[in-house]
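All remarks here apply to the structure that follows.
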Amino acid sequence: MQFVHTMAAAAATNTTWTPQTLADRAVDSVPHSLWLTAGYFLLAVVGVAALLSFLGMALIYIERKIAAHFQCRLGPTRVGPFGLLQTLADTLKLVFKEDFVPPKADRSLHMLAPFLALLVPVVLLALIPYSPNVQVADLNIGILFITAIGGFGVMGILIAGWSSNNKWSMIGAMRAGAQIISYELSATLALLVVVLFSGTMSLTGIVLSQQEGWWIWRGHAAGFVAFLIYLVASTADLNRTPFDIPEGESELTAGFHTEYSGLRFAFFFLAEFINMFTVSALTATLFLGGWMPFHVGDWTGFNAAMDTIPPGIWFLAKTTAVIFVIMWFRWTFPRLRVDQLMHLEWKVLLPLGFANLFVAAVVVLTELYPFPLGK
Amino acid sequence: MGVALGKLPGIVERFPGGAMAITRLDAAINLARSNSLWPLMFGTKCCAIEMLMATGASHHDLARFGAEVARASVRQADLMVIAGAIVKKMAPRMRLLYEQMAEPRYVIATGSCAISGGPFMYNSYTVVRGADEVVPVDVYVPGCPPRPEAFFWGLLTLQRMIREGETIREPGIRRKPVMAALPEDVSLHEIRAEIRAALANENVIDVTQAANQKPWARKVREWIQRASLR
Amino acid sequence: MDPESLLALVETEHPSIRRRSHADRPAVSVPSGELLAVMTTLRDHADLRFDLLLTLTAVDFPGEDRFELLYRLYSTVHGLWLIVSSDVPRSRPVAPSVSSLWPIAEWQEREAYDLMGVLYDNHPDLRRVFLEDDWVGYPLRKDYQDEYMLELPK
Amino acid sequence: MTVHVRTLDELLHAPLEADSDLTTQEYLVNMGPQHPIAHGSLRVVVRLDGETVKEVIPVPGYVHRGVEKMCEHLNYRQVIPYTDRLDYLSAIMNNWAVAKTVETAAGIETNDRIEVIRTIMAELQRLQSHALWWGVTGMDLGAYTAFLYGFREREIIGEIFEETIGARLTMNYIQPGGLMYDIKPDFAAKVKKLLPYLKDCVEQYETLLSGNVIFQERLRNVGIVDGARAVALGCTGPVVRASGVPLDLRATEPYGAYGKVQFNVVVGTVGDCWDRYYVRLEEMRESIRIIEQLIDGIPDGPYSTIRYNVELTLPEGIHYGQVETARGAFGVLIVSDGKREIPYRLHFRSPNFNNLWVVTAMAPGWRIADFISIQSSLDLVIPDIDR
Amino acid sequence: MIHAIKVAQEERLFAGKSVSVAVITRGRPPGYLRVAFSAVTGLLRGLWLTLGYLWSPEAIVTRQYPENRATLQLTERFRGNLRFKFPNEKAQEDHAAFIEQLAHETQTHAHVAADLVREENETRWYHNCTGCGKCQEACPNASIKVFTRQGEILEDREVDRFVWRLDSCMFCNACVQACPWDAIEMTGGFENAVYDRRLLVYNLNRLAGPRINYIEEEENPDVRKRMVERRDRYGGEVPLNGFALPNLPPVTTPMESGSRAIDADAQARLT
């Protein structure tokens, strides 16, 4: 963890660094002993794994409770106080459950796919500025990195569907491929709007550029529309209702993970929720000011009060709000059909995204931006 | 069994205190398993409405037990709730579903049809008289159909069995308690010691073996073989 | 149209039919050779227009060596009811299919074939509907034997 | 003359069409017998080209229990509990069909009280069934919350059944010549309290699903079948009414207390999934209207006109009675030999068996997802198909 | 609503009758902007509805079963369990004070004392059944089997064992309706889950003997005692005793003490 902290500190002080300096600093900051390095590495891995599973379990618990209250019921109550240990029990059970590979499946790919699916959201977690000083890596090409790596996420699903040797999995994987690749476009267009506004691709840079006000409203209509587009497109990227056609239960039993059991299925489950956190965190960072507190123009007293809340809390609150909205969608809307999904992307969101980008460009060119909030 | 569990007891028990650790681990695993029973969406008849849908609905809320994660995929389910009559045409398919489930897997037979053929026990040319002719059943929940509460009671009964049942030393060997609960209005004298003695021998089951002894197991093998030859 | 004039109308169209007693609605008995012709008339005649085939089933009379096919027709145009029955010999239970007139008959006939063993000629897809293809026997026949089946103790 | 009998294997192993220009091939998938859309255990073999449905082969029989054979060994009272287990969501109405047939055949009189209570119970059950169907449709289309709202109302109506009948699903309530129990004194008050709540619920259903653009797009103009074809395919109930045919036995051949009340037969105009959906929603409103008209004036009288242990023997001949259940015309055909108190042959005309086959006409050309909408818009109860 | 839905009432001639119908028609598809607007508002209204439920805890309708066991009240007509009516039972139950005293005197726990009292007081189990077998006739699937015996005092046959198969009962209430003596009833008990399905077949009666009024007419306590005989829940001709009911495997080690000998005759009667 010390490693992580040093990296974060480095990130905070020096925002223009290359992979070379990254490596130098990494080497400088740890003791020059192979065993100790290995020890720290192991510690970091265990720490990150623990953190991730905690994050996943917490999100799953929240989802179950929120869903229950949407539906006039209670949700888990019997394992631990308020059912808090429910997801822990689920995890433990899944870990010790039989790990099954279908006889005619492509064994190695079948076993690899869940890890690939989990990899992408975890890598993206490294880019997110959680607080002024807490960020694993602030790349100056952050947005580019996100779009590049984010597009890779579909590989895990495709491989899972293909290697399972099951028709439902295959259909699900194909649907997921088509869907995620399509919606990546809209998501990217929405990101570009923010890049235009802030003039940087570094995520910390983007957060800092929102000091005067968050892009969701400071970017005129363009910022708000980009936020909506990004919300919809990222929900689609997550394969969550109303865009959960890759695993639509009533159609494809369980879609691409039909043949997965035990730990590997748990990885898909975890990946979905970590992905949700990542996407929500990105949304908060790009449009809702990241760890910036909420300020209203001249209200100095109010602003000072807001400043007392630590930035980490602000970040978590915003992320949670976005997560809630995504969950809210899921527990309200029915699922789209596959061609309607494509229709929505290619005939509605994509033209809207382009138009929006154009508007944003006009806003930036004509220097309608920035205008101070509340005046 | 699960990841890295096959040889774990053998290795750990060599160290001092290993046996104790394994026992503790057993208790933890069994506790987790008993509290995370994800049912398979499998219902054939009226009981499915009560067992799989009404229990999950707001008034009864299966989610309280952590069991609302009904899986459509067999691989991810722990609990097969046999709700409804099993007919000869369905029996091999149900057997196949059972075999596709990942260990440990539990079966609850709910309603008269699934327990004994029930209303269709006599004069019916298709109904299998009891799901236990097809798959090994852990808990029977009688009723026609049982109330959702009765199903919850069955679930608690199953949880009790899981907590006491299996160890990672002998995976697949399951110990069932003799009585789920003392029936109402009945004194201990009536549930005689003999019943306990008589049933105690039979209630230690090797699940895998018991499964293979069922009449439909052979039929399913033949059926799969025939299907795969095509 | 009252039952009497309905029966009279059908009789004038097809003199070979006989009225059938012991039925709760107007009923006629048709020789199986003429079944299709009678049914065509019943469906297409402007005053009849029996367009809904409510039930199609067969009854086994082993003592009399016959299956009685029962068709229950309803006219959604005129609100008329008619029961058509036809006998086929048990030894050679072949009847003409009416699935060309009422598409639903395709499946109702498959059910009758499946459970009673009545064979329908010119049926587009005659195969078992409920039971598996390798099932031996026709369970709704009165003389059906099944070693697995238990008799209800009385 | 030889009759060719086919097998399912023959059908499924027919060569699949391969498109010569592209290297694509059609493939078969099994929806069921264990599949969420099977709603029980119906197997539907679907021939697909990519996502497009080319052909649908329903293969029922996974809960075929041979009830008709069993009924040849049971007396008429004992038949009634078995009708509960056919279309279990319309159990009371199924009971009524048998009771009605036996009453007409044996000449048993009933009184106004019995008929009014039967009608109220049947309409409550129709409401329950439609609420459940609404929820399940929501679930099929991915809106899980709708499922729970539908079930909430089902449970609330079910409480009235539990109190009056003592069962939640398999009622066995309507008996030849009367009812199994009388209603409780506070029955009318409880039902009256329930009706405004149910009206409010229907409005909520409109908000949550009907008004949702995704839901509308999933159903609108999908799986169209016109009235004449629906009748020829033997459809009854909301399925045929959605195609514009006002075939409703409650109106065309009034039984029970339906002759005394004002209600509309709800019909659609297009005959697509949306019409089938909306017809059921409107029917819920009509059912509430029927109950409202009856609940205030339940006449006095005994709840059964014959004793339970009396022997029921029907005269020789064919006896048929049918009622309008939540899914269409449920008929009971009894062939009696006039000698014994058990039927010589008993046949159930099940609405679901006859409604099922319309999918073979509706689904081809649509996507898998539309097949889901189509099948859930038919509201099938599988044990009633198989009997 | 994106396309307007109209429900119009009209009279239509159908099947030779005038039927009042409500026709569902939809308006013409509106323009692109209107569609977009109503699509968004429709989605928002749905979200608002679910949010309303999230914020109102009073909307939660869940009954927490195992937690509410003590307070759970089923309706009196609920058909969950068949049981004998024991007219004296209520009076015996009221002897709580007596039991407490007994427990105090014998230095045991109250439930042991209660068991002792039950063992002693056979009057508690006097029943209404005459063994006429009407219920057995009414049962559609032979879930009830009434074994009768020649009475000690009475010339008529009286109930020996009333075997009920909970594992196949369909709870149709036919037996209760058919009973001319009001001897059985359906109660709301539902906690019957077992690990071994043979435990689901058992005797309902606790005493073999005549109907309650015959016993209570008898003044002599010795004769009274001779008129009845104890019957256990799992004693006698139930499968736990080595019997095979149809499709019910026998226990491999049958009970030996405390139960009647198994005769082939009885087995034949059952199957």
>> So, in the range A:214-248, exactly how many residues are under 28 Å from A:Val359 (Cα atoms), assigned to a helix (DSSP H, G or I) and not charged (D, E, K, R)?
In response: 20
>> Against the conditions (1) under 30 Å from A:Lys65 (Cβ atoms); (2) out of contact with any Gly (no Cβ under 6 Å at 6 or more places or on another chain), where does B:Gln100 fall short? Just the number, please.
In response: (1)
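Within the range B:83-106, which residues are more than 14 Å from chain A (Cβ to nearest Cβ) and either modelled with pLDDT of 90 or more or part of a loop (DSSP other than H, G, I, E, B) (or both)? Write out each step before concluding.
Taking the range B:83-106 first, the residues more than 14 Å from chain A (Cβ to nearest Cβ) are B:83-95.
Selection gives B:Gly84, B:Ala85, B:Ile86, B:Lys88, B:Lys89, B:Met90.
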>> Could you go through the range D:279-293 and let me know if any residue there is touching a Gly at 6+ places or on another chain (Cβ under 9 Å) and among the small types (Gly, Ala, Ser).
In response: no
> Any idea which of C:Ser86, C:Ser16 is in a strand (DSSP E or B) and touching an Asp or Glu at 6+ places or on another chain (Cβ under 9 Å)?
Replying inline: C:Ser86
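Does B:Ile49 meet the test of being within 14 Å of chain D (Cβ to nearest Cβ), outside any loop (DSSP other than H, G, I, E, B), more than 17 Å from B:Val139 (Cα to Cα) and among the aliphatic types (A, V, I, L, M)? First the steps, then the outcome.
Values: within 14 Å of chain D (Cβ to nearest Cβ): yes; outside any loop (DSSP other than H, G, I, E, B): yes; more than 17 Å from B:Val139 (Cα to Cα): yes; among the aliphatic types (A, V, I, L, M): yes.
So B:Ile49 fits the description; yes.
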>> If I ask for residues that are at the interface with another protein chain (Cβ under 7 Å from one of its Cβ atoms) and either touching a Cys at 6+ places or on another chain (Cβ under 9 Å) or closer than 23 Å to C:Asp114 by Cα (or both), which ones from the range D:330-369 would you list?
In response: D:Gly331, D:Leu333, D:Val335, D:Arg345, D:His347, D:Arg349, D:Asn354, D:Trp357
>> Please verify whether C:Ser91 is among the polar types (S, T, N, Q) and within 14 Å of chain E (Cβ to nearest Cβ), treating the condition exactly as stated.
In response: no
> Scanning for something surrounded by fewer than 16 Cβ atoms within 10 Å (Cβ to Cβ), away from every other protein chain (no Cβ under 13 Å), in contact with a Phe, Trp or Tyr (Cβ under 9 Å, 6 or more places away or on another chain) and of a type outside the set (Val, Ile, Thr), does the range C:72-88 turn up at least one residue?
Replying inline: no
>> Checking the condition among the acidic types (Asp, Glu) and either buried (at least 20 other Cβ atoms within 10 Å of the Cβ) or at pLDDT below 85 (or both), which residue from C:Glu11, C:Glu64 passes?
In response: C:Glu11
> Does the range C:105-120 contain at least one residue that is of a type in the set (Asp, Glu), outside any strand (DSSP E or B), within 8 Å of another protein chain (Cβ to nearest Cβ) and over 27 Å from D:Ile342 (Cβ atoms)?
Replying inline: yes
>> Restricting to the range E:168-209, and then to whatever is under 11 Å from E:Cys139 (Cα atoms) and among the aliphatic types (A, V, I, L, M), can you tell me which residue is farthest from the chain's Cα centre (by Cα)?
In response: E:Ala178
> Taking the range D:213-239 as the search range and keeping residues that are aliphatic (A, V, I, L, M) and within 15 Å of D:Ile374 (Cβ to Cβ), which one is nearest to the other protein chains (Cβ to nearest Cβ)?
Replying inline: D:Leu233
> Any idea which of C:Glu34, C:Glu68 is under 11 Å from the mean Cα position of the chain (by Cα), within 26 Å of C:His123 (Cα to Cα) and among the acidic types (Asp, Glu)?
Replying inline: C:Glu68
> In the range E:184-191, is there at least one residue being assigned to a loop (DSSP other than H, G, I, E, B), out of contact with any strand residue (DSSP E or B) (no Cβ under 6 Å at 6 or more places or on another chain) and within 13 Å of chain D (Cβ to nearest Cβ)?
Replying inline: yes
> Under the condition of being facing chain E (nearest Cβ under 9 Å) and not basic (Lys, Arg), which residue from the range D:167-181 is nearest to B:Arg147 (Cα to Cα)?
Replying inline: D:Ala167
> If C:Val136 satisfies every condition in (1) closer than 18 Å to D:Val231 by Cα; (2) more than 10 Å from chain D (Cβ to nearest Cβ) but one, which is the exception?
Replying inline: (1)
> Restricting the search to the range A:338-358, which residues are of a type in the set (Gly, Ala, Ser) and within 24 Å of the chain's Cα centre (by Cα)?
Replying inline: A:Gly353
>> Show me the helices (runs of 4 or more DSSP H) entirely contained within the range D:211-278 in which 1 or more residues are under 30 Å from D:Asp112 (Cα atoms).
In response: D:238-242, D:249-252
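Mind listing just one residue for me: the one in the range E:134-175 that is more than 14 Å from chain D (Cβ to nearest Cβ) and outside any strand (DSSP E or B) and, of those, farthest from C:Glu151 (Cα to Cα)?
At the first step, the residues of the range E:134-175 found to be more than 14 Å from chain D (Cβ to nearest Cβ) are E:145-167.
Applying the additional criterion that residues be outside any strand (DSSP E or B) yields E:151-156, E:166-167.
Details: E:Gly151: 31, E:Glu152: 35, E:Ile153: 37, E:Leu154: 34, E:Glu155: 33, E:Asp156: 30, E:Leu166: 19, E:Asp167: 18 Å.
Filtering first and then ranking leaves E:Ile153.
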> Inside the range D:132-185, can you point out the residues that are out of contact with any Cys (no Cβ under 7 Å at 6 or more places or on another chain), aliphatic (A, V, I, L, M) and assigned to a loop (DSSP other than H, G, I, E, B)?
Replying inline: D:Leu141, D:Ala143, D:Ile165, D:Ala167, D:Met171, D:Met180, D:Ile183
> Among the residues of the range A:40-90, which ones are surrounded by fewer than 17 Cβ atoms within 10 Å (Cβ to Cβ), β-branched (Val, Ile, Thr) and either within 14 Å of chain D (Cβ to nearest Cβ) or without any contact (Cβ under 8 Å) to a residue 40 or more places away in the chain (or both)?
Replying inline: A:Val45, A:Val46
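Okay, residues lined up against (1) hydrophobic (A, V, I, L, M, F, W, C); (2) modelled with pLDDT under 85; (3) over 27 Å from B:Ile29 (Cβ atoms):
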residue: A:Leu92; (1), (2), (3): yes, no, no
residue: A:Glu98; (1), (2), (3): no, yes, no
residue: A:Val101; (1), (2), (3): yes, yes, no
residue: A:Pro114; (1), (2), (3): no, no, no
residue: A:Val136; (1), (2), (3): yes, yes, yes
residue: A:Leu144; (1), (2), (3): yes, no, yes
> Out of all the residues in the range E:17-47, which are under 50 Å from the mean Cα position of the chain (by Cα) and more than 23 Å from D:Gly271 (Cα to Cα)?
Replying inline: E:Gly42, E:Leu43, E:Leu44, E:Arg45, E:Gly46, E:Leu47
>> Suppose we filter the range B:133-173 for residues that are of a type outside the set (Gly, Ala, Ser), at the interface with chain E (Cβ under 7 Å from one of its Cβ atoms) and not in a loop (DSSP other than H, G, I, E, B); how many remain?
In response: 9
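The values are calculated or read from the model by the stated rules, or taken from the named source; none is laboratory data. On a predicted model such as this, the values are computed, not experimentally measured, just so you know. FYI the Cβ positions are ideal-geometry reconstructions off the backbone, even for glycines, and counts take in every protein chain you see.
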